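Working notes, structure below.
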Amino acid sequence: MNITIQEAKNYINQEVTIGAWLTNKRSSGKISFLQLRDGTGFMQGVVVKSEVDEETFNRAKEITQESSLYITGTITEDNRSDLGYEMQVKSFEVIHEAHDYPITPKNHGTEFLMDHRHLWLRSKKQHAVMKIRNEIIKATYEFFNQLSFTKIDPPILTASAPEGTSELFHTKYFDQDAFLSQSGQLYLEAAAMAYGRVFSFGPTFRAEKSKTRRHLIEFWMIEGEMAFCEHDVSLEIQEQYVSHVVKSVLENCQLELKALDRDTTKLEKVSSPFPRITYDDAIEFLKEEGFNDIEWGEDFGAPHETAIASHYDLPVFITNYPTKIKPFYMQPNPTNEDTVLCADLIAPEGYGEIIGGSERINDLDLLEQRIDEYQLDRESYNYYLDLRRYGSVPHSGFGLGLERTVAWIAGVEHVRETAPFPRLLNRLYP
Ligand code: 4AD
Ligand code: MG
């Protein structure tokens, strides 16, 4: 019977065969411990000299790291391992013998590991990060489908910029200029006017010269857009969404969280509602905390966000930023016209902004005025203006960065480990 490591729990005391790779081994005169992985999990195989023929025992001592095997034996319970099971090996067949695998159990530098990302993905921690990423993706679809959102896929090749023109990736579209999408929002707004509540999930690109632990050049964004929806309701959907994702990871990724030594006490507290603080109050708070450099009207940097976040146990919404530091499309705040109806959601523990969202301007004249003020080309936003010409309604939406969310939930320091093949300022390989 061929099974996977994940299925081993259903085969206690039965003889099975698993296709696996050897990650590490330890041998003594009488026993060999083989650390096996098969993509679904990690398990120990035990080869006992008195239980197998001499040739098998000797060959087991010689298997090299990352050789691929078909390994046969009996599954037994093993309370010392996180998995809870191991295999008492009877026999094995080497499919391919690997030599000089570059990533050895010793410590390697990050650049070396990033150069070997295609192999580094096999390690236990990287495996755990990608499984958590997968769980977040699964929980995302669950959440939006449960609320009857329709998934809409906005284009990646675009002619206009939602988030400002300085970070666009240029490319040629035959003889026209085109950009890689930095957000699907403007198209989602059109879709919301057709389907009510919509979401998208796709790659986005920012030609940002930022080299921080929170910035990728290519990242995946989940965006929600809701017609007939004011900003407060959007915030409620956002906090429910984030809570659902955290809960799903806690329920379904215990082994992975453990492999990453993630302290989950703070994650366990994550449930809606999340605290909210206005930008104005955040400025006051920062000044009290000794940040004398920050003035009203300036955007927050990572240290500011971290200081605000560490005041709370939960993710925190910073609301109503100054109009001039936000994109052109945000609805003015009726109680203070120098600010807009928007919020950034800041993750706990220093992981920074994971969501940006806002209510959108629904008045044609105001939107046209803003497009001019931001020196954007009205012509390429004509379709977007049409949404305000034909049945305009209050509507709001948000975008969550997948990799930053994975970094926070998995407790990974740098977003480069949260994408399988991260695109960074200095890296396009592998
Ligand atoms: O705050 P941003 O720029 O918002 C938008 O793009 C809106 N159009 C979304 C919307 O309202 N539909 O980006 C949203 C999120 C950020 O909060 C952050 O999590 C992530 O995308 N993000 C990045 N993640 C990794 N690397 C980068 N360079 C990122 N830039 C933004
Ligand atoms: Mg933002």
Handout entry: R0 of 22 Å, Cβ-Cβ distance residue 427-residue 165: FRET efficiency to nearest 0.05
Key = 0.35
Fill in the blank from the handout: With all protein chains present and a 1.4 Å probe, the order of 379, 66 from largest accessible area down is 379, 66
Problem - Cα-based Lys pair tally, the range 1-73, threshold under 19 Å, eight or more apart or on separate chains - result: 5
Problem - Proximal lysines relative to residue 324, as straight alpha-carbon distance under 25 Å, when same-chain residues fewer than 8 apart are discounted - result: 209, 211, 287
Practice task
Provide the net charge surrounding residue 82, with neighbours chosen by a C-beta distance below 12 Å and charges set as Lys +1, Arg +1, Asp -1, Glu -1.
Solution key: -1
Completion exercise
Given 89-99, 349-359, the highest-first ranking by average Cβ count within 10 Å works out to 349-359, 89-99
Problem - Solvent-accessible heavy-atom area per residue, rounded to whole Å², over the range 2-96 at 1.4 Å - result: 52
Completion exercise
So the FRET efficiency between residue 269 and residue 299, C-beta based with R0 = 35 Å and rounded to 0.05, is 0.80
Practice task
Taking only protein heavy atoms into account and a 1.4 Å probe, give the accessible area per residue of the range 182-282 in Å².
Solution key: 43
Practice task
Show the residues, 5+ positions off or on another chain, whose built amide H is closer than 5 Å to the amide H of residue 151.
Solution key: 199
Exercise for the section: Please give the length that would be gained between residue 125 and residue 64 if that part of the chain were fully extended, namely 0.36 nm times their separation in residues minus their C-alpha to C-alpha distance (nm, one decimal). Expected result: 19.9 nm
Handout entry: Ranked by how many other beta carbons lie within 10 Å on average, peptides 290-297, 199-206 from highest
Key = 199-206, 290-297
Handout entry: FRET efficiency estimate (nearest 0.05) - Cβ-Cβ, residue 50 to residue 349, R0 60 angstrom
Key = 0.75
Handout entry: Straight-distance crosslink candidates among lysines, where the alpha carbon sits under 25 Å from residue 266 and sequence neighbours closer than 8 are dropped
Key = 124, 125, 131, 138, 247, 258
Exercise for the section: Could I have the simple spin-label model distance between residue 91 and residue 414, label points 7 Å from Cα toward Cβ, reported in nm to one decimal? Expected result: 4.7
Problem - Share antiparallel - DSSP beta bridges, the chain, percent rounded to 5 - result: 85
Exercise for the section: Quick one: order 264, 306, 405 from most to least accessible surface, probe 1.4 Å. Expected result: 306, 264, 405
Problem - Alpha carbon convex hull of the chain, projected area averaged over orientations, nm² - result: 24.7
Practice task
Please work out the C-alpha center-to-center distance from the range 225-281 to the range 140-219 and express it in whole Å.
Solution key: 22
Problem - Accessible-area composition of the chain, carbon plus sulfur, in percent [1.4 Å probe] - result: 48
Handout entry: Order of exposure, largest accessible area first, which applies to 38, 100 with probe 1.4 Å
Key = 100, 38
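The values are calculated or read from the model by the stated rules, or taken from the named source; none is laboratory data. Computed from a prediction, not measured in an experiment: that's the story for all the values here. Glycine also receives a Cβ, built like all others from the backbone with ideal geometry; neighbour counts cover every protein chain displayed. Each accessible area value is taken on the protein alone, full model and side chains, heavy atoms only, with ligands, DNA and RNA left out. Shrake-Rupley method; radii C 1.70, N 1.55, O 1.52, S 1.80 Å.
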